[in-house]
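First the structure, in the form of structure tokens, and then the observations on it.
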Amino acid sequence: MDFFFTHPIGILILTVVKALALLVPLLIGVAYLTYAERKVLAAMQMRKGPNVVGPFGLLQPFADAIKMLMKETIVPAGANRVLFLLAPMLTFTLAMLAWAVIPVNDGWAIADINVGVLYLFAISSLGVYGVIIAGWASNSKYAFLGALRSAAQMVSYEVSMGFVIVTVLLCVGSLNLTEVVRAQQNVWFAIPLFPMFIIFFISTLAETNRAPFDLPEGESELVAGFFVEYSSMSFALFFLGEYANMILMSSLTTILFLGGWLPPIDIAPFNWVPGPIWFVAKICLCLFTFIWVRATFPRYRYDQLMRLGWKVFLPFSLVWLVITAAVLKLTGWLPA
Amino acid sequence: MIAALAFYVFAAILIASAVMVVTSRNPVHSVLFLILAFFNAAALFLIAGAEFLAMILVIVYVGAVAVLFLFVVMMLDIDFAQLREGFQRYAPIGAVVGGILFLELVMVVGAWRFAPEAAALRVNPAPAGVTNAEALGQILYTDYVYLFQACGLILLVAMIGAIVLTHRTRPGTRRQNIAEQVARAGSVSLRAVPLGAGLKEIGIARPPAPEEAKPKQVEHHHGHGGHH
């Protein structure tokens, strides 16, 4: 047993096993997120949704995946071959990479690093490259326009997201994600920082290019946006990456605002439930809201989207940051 | 051993991609190699134990600055034959600048190598038991707070300058003024409408269509909203 904790090769094997234990459930989760999305949307639109493949249509995601694998990979004639194939891999890899620091339970992160929040922020700010490279390498005007829109959108919303994260970090006094959750032992940050919670949630919608901010793939104007030229596995990688990013952003919301693995109240029936189950339940709640928003709101116009990001969220989050800092300083609640 | 190996791998990739930035023919490839170089620099920071700097390098340079570079390079229509034209003429100046930079680098490294007392001044060791970000904050916001604020001011001035230089009101553009739209008489009105009733039944008159654009009159037996 000591071999796994002391010998370098043992540590390597242990890390790989840990990563698989996280990524395999994650990918199954992604598969069933597509199923859940279709079912929830169907219920909200008074339809039935997928119900043919398997009981209640439960095997639908796998049928879709197999169908996708069987298709031919088409690289357009004018495309930049290397970058065209690199972009979906990049998107998918980044979506998986970020999970290294997510603590599912107290001490259950694969890498419990000191700058976990910054790491997540860095990885999520890289997601834009998959989009831009895909749009440019496709050598197609629709893909390129979609990529430009998406890049501008992701960069804009990252700024206000950064301020929201700084506000939370002020209340925690550490960049470690485990510490962030532990600081919410008494009260989840969603309550004292409620407006920031809302801003963060809306920014995650924009960051993951989800409705009502799914302009990069506005099908009425841009066909399908940046991945219009993609087919088969390369398309599947974009798809997986996008949904994995949704789950990632939901888990980030959970960690920053909804108390991670902590039960809502630390009393008898609630703290019998193990932490990871609370964590997954909170992620599911956020994901349901993602889908609910998609079923409810019409798409934003592009200039409205930019206005919301730069002229509403940015000043508001900046002012709230200053207020939070002042309150913490004056009341002496500032964590050492 | 592993750390040394990782250092040489990252350093080699860093130098190779830096060379590719300068030599690759396609400017988009140049920017992508630049991003690779940033990444390897971040990895070197990590090996040196400066985890905060590594993350900030990725967030600021890769996540924001290089995105803008890529944006500009992709949008610009550059004629490379024309760019390469003056190479012979500019080569001596470039060589002089490069030579000065190289000399300065040698002087910096040499001072650290040959004058240990200068090296002692160079480092400000992080206090033990304090994380990287905290140690940085303790220096930056205490001893160097004025310099730090001055940096912020310079950046602010640069930003305002860029906005002033590029912002202009073009005469022909249409801007949406939401307040004006809402304040316009009769533009927005709310009313409760009984379910299943048509416009006619409620008594809302549509504005009459202009004469030339009038649709063809079709026989209608069930008017709007047929549930009655």
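Where a number appears in this text, it was derived from the coordinates with a stated rule and is not lab data. Not measured: the values here are computed from a predicted model. Here the Cβ positions follow ideal geometry from the backbone for every residue, glycine too, while neighbour counts run over all protein chains shown.
Odds and ends about this structure:
- Max mean-square fluctuation residue, GNM over chain A, Cα-Cα springs under 10 Å, options A:Leu215, A:Leu240, A:Leu41: A:Leu41
- In this simple spin-label model, placing a label point 7 Å from the Cα along the Cα-to-Cβ direction at both B:Ile178 and A:Ile28 gives a separation of 4.4 nm.
- The packing ranking of peptides A:10-16, B:69-75, B:26-32, highest mean first, is B:26-32, B:69-75, A:10-16, where packing means the average number of other beta carbon atoms within 10 angstrom of each residue.
- Length gained when the stretch B:Val193-B:Asp143 is fully extended (0.36 nm per residue, less Cα-Cα span): 11.2 nm
- For A:Arg47 and A:Thr93, the FRET efficiency from 1/(1 + (r/R0)^6), where r spans their Cβ atoms and R0 equals 45 Å, is about 0.80.
- Working note: Debye formula, equal point scatterers on the alpha-carbon atoms of region B:2-87, no solvent; log10 I(q)/I(0) at q = 0.19 Å⁻¹ is -0.86.
- Legend: calculated FRET efficiency, B:Ala11 to B:Glu104, from the Cβ-Cβ distance at R0 = 22 Å, rounded to 0.05, equals 0.65.
- Relative packing of B:153-166, B:39-52, A:130-143, which averages over residues the other C-beta atoms within 10 Å, highest first: A:130-143, B:39-52, B:153-166
- With a Förster radius of 41 Å applied to the C-beta separation of A:Ile198 and A:Leu330, the computed FRET efficiency comes to 0.95.
- Karplus-based coupling profile of region A:96-103, in residue order and whole Hz: 7, 4, 4, 5, 4, 9, 6, x, with θ = phi - 60° in 6.51 cos²θ - 1.76 cosθ + 1.60 and x standing for Gly or Pro.
- Top of A:Phe144, A:Phe56, A:Phe163 by mean-square fluctuation, Gaussian network on chain A, Cα under 10 Å: A:Phe56
- Sequence-separation-based contact order of region B:1-91, relative, with Cα cut under 8 Å and 6+ spacing, percent: 24 percent
- Compactness relative to 2.2 N^0.38 Å, alpha carbon Rg of chain A: 1.03
- Between A:Val312 and A:Val293, residue separation times 0.36 nm minus the direct Cα-Cα distance comes to 4.9 nm.
- Total charge dipole magnitude, chain A, about the Cα centre, Cβ charges on Lys, Arg, Asp, Glu only, Debye to nearest 20: 620 debye
- Translational D in µm²/s for the protein assembly as shown (Stokes-Einstein at 4 °C, 1.567 mPa s, Kirkwood Rh from C-alpha pairs): 47 µm²/s
- Per residue, the average separation of C-alpha pairs within less than 8 Å and at least 6 apart gives chain A a relative contact order of 22 percent.
- Average silhouette area of region A:216-336, convex hull of alpha-carbon atoms, in square nanometres: 11.9 nm²
- Value of Rg/Rh across region A:1-145 [Cα atoms, Kirkwood radius]: 1.06
- Potential extension, A:Val223-A:Asn271 segment - 0.36 nm per residue separation minus Cα distance: 12.4 nm
- Dipole magnitude for the protein assembly as shown: computed about the Cα centre from +1 point charges on Lys and Arg Cβ and -1 point charges on Asp and Glu Cβ, it is near 1360 debye.
- Computed from label points 7 Å out along Cα-Cβ, the spacing between A:Arg301 and A:Asn105 is 5.2 nm.
- Mean per-residue shielding of peptide A:111-122 is 4, counting Cβ atoms of other chains within 10 Å of each Cβ.
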